Amino acid sequence: QFLPDGSGRVLDMGAGSGRATLMILQTRPKTTVVALDIYSGYWGISDHTPERLKRNVAAAGVASRVEVQVADMRELPFPDASFDGIVSSFAIDHLRRDDVTRALREAARVLRPGGQILIMNLNLDGWIRVALPALPGHGYFGREQDTTRWRSALTEAGFDVIEQGTQPGTNYFLGQKRHVG
């Protein structure tokens with residue numbers, strides 16, 4: 001249900017090597033993506049650089065529809081209401097609780113009213129516990145990803161959660177920015 005008309009300007013918050021950027025560009029052929037990442041530190045990706053993302057989108061043939069921006073999702077360098085959609089795939093849950101709040105408020109600020117946000121984060125289910133038993137760096141709400149708290153965080157930032165669910169290893173939340181007034 002994310003961007004069902006298949007078009008718009010999308011921000012990928014915490015783009016890394018471009019997995020979610022490619023997902024959007026390949027399934028929504030009339031979109032453009034701004035792939036944003038702080039590109040510092042190790043987040044499970046070797047060669048964690050903008051150049052790696054650029055090589056990946058070039059290999060997929062979609063480089064003309066991507067802009068790479070080095071910046072922090074807690075302080076987005078974009079004007080208000082400048083995106084139709086936002087995706088954060090296994091990135092925002094690396095942040096501390098206060099920083100998640102800041103990042104979600106920034107997302108609400110740069111998203112146009114009625115725009116959508118899709119957050120995918122780690123679900124520490126049985127599959128993940130077997131596949132990745134010693135997984136550091138995830139768990140905004142401790143060892144368990146508490147879906148109630150994620151819903152509250154999205155709601156407090158100005159989103160209505162219109163869908164949530166799980167897939168093996170993944171919790172996802174699809175939100176829509178409320179219209180003001």
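The values are calculated or read from the model by the stated rules, or taken from the named source; none is laboratory data. All figures in this text were calculated on a predicted structure; none of them were measured in a lab. Neighbour counts are summed over all protein chains in view; Cβ atoms, including those assigned to glycine, are modelled from backbone coordinates with ideal geometry. The area values use the complete protein model at the heavy-atom level, side chains included, leaving out ligands, DNA and RNA. Shrake-Rupley method; radii C 1.70, N 1.55, O 1.52, S 1.80 Å.
Taking 7 Å steps out from each Cα toward its Cβ at ARG96 and GLN167 produces label points 3.2 nm apart. Legend: residues LYS177, LYS54, sorted from most to least accessible area (1.4 Å probe; ligands, DNA and RNA excluded), read LYS54, LYS177. Once the chain from HIS179 to SER82 is taken as fully extended at 0.36 nm per residue, the excess over their C-alpha distance is 33.4 nm.
Once all protein chains are placed together, LEU36 keeps about 0 Å² accessible to a 1.4 angstrom probe. First check a/c for the range 1-81, with a ≥ b ≥ c the square roots of the eigenvalues of its C-alpha gyration tensor; if it is under 1.5, answer rounded, and if not, answer prolate when a/b is larger than b/c or oblate otherwise. In terms of gyration-tensor shape, oblate.
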